[in-house]
Amino acid sequence: MGRILAIDFGTKRTGLAVTDELQLIASGLTTVDTKDLITFLKNYISNEQVDLFVVGLPKQMDNTTSESEIYIGAFLKKLNQALPGIPVERVDERFTSKMAFQSMIDSGLKKKQRRNKALIDEISATLILQSYLASKS
């Protein structure tokens, strides 16, 4: 069984998280400059088996998709062209950035560490993946 890789897409940075090989535990992987994302994913997949991509679906409070979905849609087309054999599922990502920031506070990170937006993106990807795993169990 391969891993599930979650993507919290951003126009500048993208947070990534993966499961273990049994697809039970979600862990933060890294944050990548979005311009390097496809290359990073190709390299990662050359070393690890990935069964599924889980990509955040940004929604507004009224349940309509947010403006950033335009950028995510373009990325998904590129992803499908670069790695066509791996399916993509979408997960509502509302509040993940706020939850990520709160988890940083709860874990006792200092103010300077909480300003690290790359860490927030990685934690957000982990929350997206945890949400996906919870919905499947």
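Side notes on the structure shown:
Residue-wise test of (1) part of a loop (DSSP other than H, G, I, E, B); (2) at pLDDT 65 or above; (3) not small (Gly, Ala, Ser).
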{"site": "Asn80", "(1), (2), (3)": "no, yes, yes"}
{"site": "Arg94", "(1), (2), (3)": "yes, no, yes"}
{"site": "Lys98", "(1), (2), (3)": "no, no, yes"}
{"site": "Phe101", "(1), (2), (3)": "no, no, yes"}
{"site": "Ile120", "(1), (2), (3)": "no, yes, yes"}
{"site": "Ala125", "(1), (2), (3)": "no, yes, no"}
{"site": "Gln130", "(1), (2), (3)": "no, yes, yes"}
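- Annotation note: of Asp51, Asp62, Asp33, the sole residue that is under 14 Å from Glu93 (Cα atoms) and charged (D, E, K, R) is Asp62.
- In region 11-27, the residues that are surrounded by fewer than 21 Cβ atoms within 10 Å (Cβ to Cβ) and either closer than 18 Å to Gly73 by Cα or touching a residue at least 40 places away in the same chain (Cβ under 8 Å) (or both): Thr11, Lys12, Arg13, Gln23, Leu24, Ser27
- Filtered residues of region 34-56 (kept if loosely packed, with under 13 Cβ neighbours inside 10 Å and closer than 25 Å to Lys117 by Cβ): Lys35, Asp36, Thr39, Lys42, Asn43
- All positions within region 52-74 that are over 15 Å from the mean Cα position of the chain (by Cα) and modelled with pLDDT of 85 or more: Ile70, Ala74
- Those residues of region 6-25 which are part of a strand (DSSP E or B) and over 9 Å from Ala125 (Cα atoms), in sequence order: Arg13, Thr19
The values are calculated or read from the model by the stated rules, or taken from the named source; none is laboratory data. Predicted model only: the values in this text are computed from it and were never measured. Because the Cβ atoms are built from the backbone with ideal geometry, glycine has one as well, and the counts that use them run over all protein chains shown.
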